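Worksheet for the structure shown next.
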Amino acid sequence: MTFAIPGDAHDRFMGRYSVKLAPLFADFVGITADMRVLDVGCGPGALTAELARRLGVECVAGAEPSPTFVEACRARLPAADIRSGPAERLSWGDAEFDAALSQLVLSFVADADEVAREMRRVVRAGGGVGACMWQGGPALQMGQVFWESAATVDPGVGRPEGAMSFRQPGEIADLWKRTGLRDVEEALLEVRASYENFDDFWDPIVTGAGPIGSYKASTDDGRRAAIREACRARLGAPQRPFELTGRACAARGLV
């Protein structure tokens, strides 16, 4: 998967969803103003900024392996403790935080069990650990439109998200339970993202990250143009603002 894109490009691609998801996710985990919280896989800072709004930036930390995203998050929140590194090796000490959250990350890590253990390690006894991922299938309409359109141009294309873990209810909860968290609970969190017109939908896909970005990078200009027109037709050739939904599976537990 490619995440080596500028932070502002990711904001246009996924940020319109993740910014709206962040407050729902923080509410679900139970983040309140008296906490110090770690954002694991913070990206350009969609969730980190929401945590800073609630807690004060001095009470927020973030870990992120992508250099461009680290740069973007530090620029957005200069006073936050943003560190470069993988989620499997967090550089903080034991029990430093009241909670650790990870938004739209678990499907992309090398060792999810180790990530869960690390998140648990850095949170104090009784503190919260939470994660969420987009549900598989049609739950993220932007992805559904793209992959169905790509299949009309490239019949052999599969949908990579379908083979990814943590995209169905129960999977994150099972991870939390087997790594020692207690009182595990689940929820589905739904958001709606706005687009001004079709170009506002398509242009961010050209510089997108994750599975869509990787597939786009593997295609030639002719195929990309054909997928663009297939997406336009599937969306009804919109000339005015429209919305698409995204639904995430979330789970929380206590240390």
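The values are calculated or read from the model by the stated rules, or taken from the named source; none is laboratory data. If you're wondering where the values come from, they're calculated on a predicted model, not measured in any experiment. Note that we place each Cβ from the backbone using ideal geometry, even for glycine, and neighbour counts take in every protein chain shown. Surface accessibility is based on the protein's heavy atoms, side chains included, excluding ligands, DNA and RNA. Shrake-Rupley method; radii C 1.70, N 1.55, O 1.52, S 1.80 Å.
Per residue, how much accessible surface does the chain expose to a 1.4 Å probe? Answer in Å², no decimals. Don't jump to the answer; show the numbers that get you there.
On the way: 10620 Å² over 255 residues.
For the chain, the per-residue accessible area is 42 Å².
Treating the beta-carbon of each Lys and Arg as +1 and of each Asp and Glu as -1, no other charges, what is the dipole magnitude of segment 80-159 about its Cα centre, to the nearest 20 debye? Show your work: numbers first, answer last.
Working: 7 positive and 11 negative charges, 18 e Å.
Using only the charged Cβ atoms, the result is roughly 80 debye.
By how many nm would the segment from ARG247 to ASP174 lengthen if fully extended, with 0.36 nm per residue of separation less the alpha-carbon distance?
On the way: separation 73, 0.36 × 73 = 26.28 nm, distance 1.92 nm.
Extending this stretch completely gives an extra 24.4 nm.
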If one computes P(r) from the Cα atoms of segment 27-79, what percent of pairs lie at distances over 15 Å? 38 percent
Measure off 7 Å from each Cα along the Cα-to-Cβ vector at ARG121 and GLU71, then give the distance between these two points in nanometres to one decimal. 3.0 nm
Using the alpha-carbon atoms, what tilt in degrees (0 to 90, nearest 10) does helix 141-153 show relative to the longest principal axis of the chain? 40 degrees
Cα pair distances in segment 128-202, grouped into 5 Å bins until the bin that holds the longest one, percent each: 3, 13, 19, 17, 16, 13, 9, 6, 3, 1
Using only Cα atoms, tell me the angle between helix 221-234 and the longest principal axis of the chain; keep it within 0 to 90° and round to the nearest 10. 90 degrees
Gain upon complete extension [LEU24, ASP154; 0.36 nm per residue less C-alpha separation]: 43.2 nm
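Which order do you get for GLU148, GLU186 if you rank them by accessible area with a 1.4 Å probe, largest at the top? List each step's numbers first, then the result.
Details: GLU148 75, GLU186 100 Å².
Accessible-area ranking of GLU148, GLU186, largest first: GLU186, GLU148.
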So, relative contact order of segment 91-170 in percent, Cα under 8 Å, 6 or more apart, is 33 percent
What's the local net charge at GLN103, with K and R +1, D and E -1, over the other residues with C-beta under 11 Å away? -2
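Expressed as a whole percentage, what fraction of the accessible surface of the chain belongs to carbon and sulfur atoms when a 1.4 Å probe is rolled over the protein heavy atoms?
Values: 5330 of 10620 Å².
C and S fraction of accessible area: 50 percent.
I need the per residue convex hull volume for the chain, using only the alpha carbons, in cubic angstrom as a whole number.
Values: hull volume 28.0 nm³, N = 255.
For the chain, the hull spanned by Cα atoms encloses 110 Å³ per residue.
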Measuring from a point 7 Å past the Cα of ASP200 along Cα-to-C-beta, which residues in segment 118-145 have an amide N at less than 16 Å? 142
Under the 0.36 nm per residue contour assumption, what length would be gained going from the current alpha-carbon distance of SER84 and ARG234 to full extension? 50.0 nm
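Averaging over all projection directions, find the projected area of the Cα convex hull of segment 1-102 and quote it in nm² with one decimal place.
6.0 nm²
Per the Kirkwood definition applied to all pairs of different Cα atoms, how many angstroms is the hydrodynamic radius of segment 141-255?
Values: mean 1/r = 0.0621 Å⁻¹.
The Cα-based Kirkwood calculation yields 16.1 Å.
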Dipole check, segment 105-228, charges on Cβ (K,R +1; D,E -1), about Cα centroid: among GLY137, VAL105, ALA173 the Cα furthest to the positive pole belongs to ALA173
